[in-house]
Amino acid sequence: MIISMRRNATREEIDHVCDRIREFGYKVHSIEGEERVVIGAVGIGDVTPCLEALEALPYVEKAVRISAPYKFVSREFKREKSVIKVNGHAIGGDEFIVIAGPCSVENESQIMETAESVAAGGAHLLRGGAFKPRTSPYDFQGLQEEGLKLLRKAKEATGLAIVTEVMSERDVPLVAEYADVLQIGARNMQNFMLLKAVGACGRPALLKRGMSSTIKELLMSAEYIVAHGNSSVILCERGIRTFETETRNTADVAAIAALNELTHLPVVLDPSHATGKRSLVPPLSRAAVAIGADGLMVEVHPCPERAASDGAQSLTCEQFRRMMEDLRPLIALWKQARLAPAPVAR
């Protein structure tokens, strides 16, 4: 349920409402705006007695049920877009965010060259895998903590914040020590123990949609993270598995528009995994801007033919630079639309 406090309610009144909600056995989350506080409550059982008790309080404006099974990440709970601040950038705000870098951190020269190149090309955050989930146990599994140290060195040299994957709840403290954003990969989207650990880690999370997961399942996984204390979640559409074999996955661009209707969380697109072909990355990136994504997550490698993983879908540094130049006029229109006042309902 959602409880909207009356304008300028006092701290004592807000605390009293939260205490009453807890008395009924519900968990409390609150969003404090400049003029009004909105409180969310989730739990099991009939909410009617709690709703009636709260509506009787003079400083409660209204109390309503949330119909969506995902409570805290729904538009019902929060109408305006959430803005997640990372290293001076506002993901979900009026800045189109580009995350770029190699699939895997391979060595110092590779990650440093890539970081310097994507920073010069206009990227805002650096991606790179230190822990790699691979289909074959014999494939490159990542440099692990040594890879994290190299990412930190790249950050120190370029100023780019770090996005890197965490694969196990036991590794969350280690990865959080180095990373600005913890990525949860497609294969781990429903690793609920990992979701809980990331919810408690104090770092923003980038949650990738599972390759066979519905939009609802993605949002329920995001709800796990938020319900365990971390409201800074970025959703990532990265293509889903269908009968089509021409591309690595099927890019579900419509999911971006749907998610923008269903949730207040920022949504980015990974065109590299969605297609598996570097030639398709630039056109799909243009589609992401046009449909209202909050950003991109792109794989870039200085020498893709020698990449330890995902070379076929990685842009060269020069291709990334050209793509960013081509995107600039589209991003300018995106920003203009983002800053335009919302239409008045009639």
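The values are calculated or read from the model by the stated rules, or taken from the named source; none is laboratory data. For clarity, every value in this text was computed on a predicted model and none was experimentally measured. Virtual Cβ from ideal backbone geometry, glycine too; neighbours counted across all protein chains shown.
The rows are residues; the columns are (1) closer than 17 Å to residue 326 by Cα; (2) part of a helix (DSSP H, G or I).
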residue	(1), (2)
246	no, no
261	no, yes
273	no, yes
282	yes, yes
298	yes, no
Exactly one condition in (1) buried (at least 23 other Cβ atoms within 10 Å of the Cβ); (2) not in a helix (DSSP H, G or I) is not met by residue 203; state its number. (1)
So in segment 217-247, with the set limited to residues that are of a type in the set (D, E, K, R) and surrounded by 22 or more Cβ atoms within 10 Å (Cβ to Cβ), which one is farthest from residue 69 (Cα to Cα)? 238
Go through (1) free of Cβ contacts under 8 Å to residues at least 40 places away in the same chain; (2) crowded, with 18+ Cβ neighbours inside 10 Å; (3) closer than 22 Å to residue 202 by Cα for residue 177 and report which single condition fails. (2)
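Within segment 32-62, work out how many residues are in contact with a Leu (Cβ under 6 Å, 6 or more places away or on another chain) and acidic (Asp, Glu).
Taking segment 32-62 first, the residues in contact with a Leu (Cβ under 6 Å, 6 or more places away or on another chain) are 60.
This time we only want the ones that are acidic (Asp, Glu), so: none.
The number of residues fulfilling the criteria is 0.
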Just to check your reading of the model, which residue among 263, 247, 242 is within 27 Å of residue 105 (Cβ to Cβ) and of a type in the set (Val, Ile, Thr)? 247
Within segment 1-43, can you find the residues that are within 21 Å of residue 226 (Cα to Cα), modelled with pLDDT under 90 and more than 27 Å from the chain's Cα centre (by Cα)? none
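State whether the residues of segment 301-311 include one that is outside any helix (DSSP H, G or I), in the same structural domain as residue 91 (by TED's automatic domain parsing) and polar (S, T, N, Q).
yes
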Filtering segment 299-315 down to residues that are of a type in the set (A, V, I, L, M, F, W, C) and under 16 Å from residue 116 (Cβ atoms), which residue is surrounded by the most Cβ atoms within 10 Å (Cβ to Cβ)? 300
Over segment 23-72, the set of residues basic (Lys, Arg) and surrounded by 13 or more Cβ atoms within 10 Å (Cβ to Cβ) is 27, 36, 71
Cβ contacts < 9 Å: first residue under 24 Å from residue 93 (Cβ atoms), restricted to segment 207-235; second residue polar (S, T, N, Q) and assigned to a strand (DSSP E or B), any location; separation 6+ or different chain. Result? 207/183; 208/183; 219/74; 219/263; 222/263; 223/74; 235/263
Checklist (1) more than 15 Å from residue 180 (Cβ to Cβ); (2) touching a residue at least 40 places away in the same chain (Cβ under 8 Å); (3) in contact with a Lys or Arg (Cβ under 9 Å, 6 or more places away or on another chain); (4) not in a helix (DSSP H, G or I) applied to residue 111, failing item: (4)
Looking at residue 68 and the list (1) more than 18 Å from residue 230 (Cα to Cα); (2) without any contact (Cβ under 8 Å) to a residue 40 or more places away in the chain; (3) of a type in the set (Gly, Ala, Ser), which single condition is not satisfied? (2)
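Assess whether residue 90 counts as being in the same structural domain as residue 142 (by TED's automatic domain parsing), assigned to a strand (DSSP E or B) and out of contact with any Phe, Trp or Tyr (no Cβ under 9 Å at 6 or more places or on another chain).
Against the criterion (in the same structural domain as residue 142 (by TED's automatic domain parsing), assigned to a strand (DSSP E or B) and out of contact with any Phe, Trp or Tyr (no Cβ under 9 Å at 6 or more places or on another chain)), residue 90 qualifies.
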Can you report the number of residues in segment 106-123 which are under 24 Å from residue 232 (Cβ atoms) and buried (at least 21 other Cβ atoms within 10 Å of the Cβ)? 3
Among the residues of segment 117-146, which ones are part of a helix (DSSP H, G or I), within 22 Å of the chain's Cα centre (by Cα) and over 23 Å from residue 285 (Cβ atoms)? none
Residues in segment 284-294: is at least one in contact with a Gly (Cβ under 7 Å, 6 or more places away or on another chain), basic (Lys, Arg) and surrounded by fewer than 22 Cβ atoms within 10 Å (Cβ to Cβ)? no
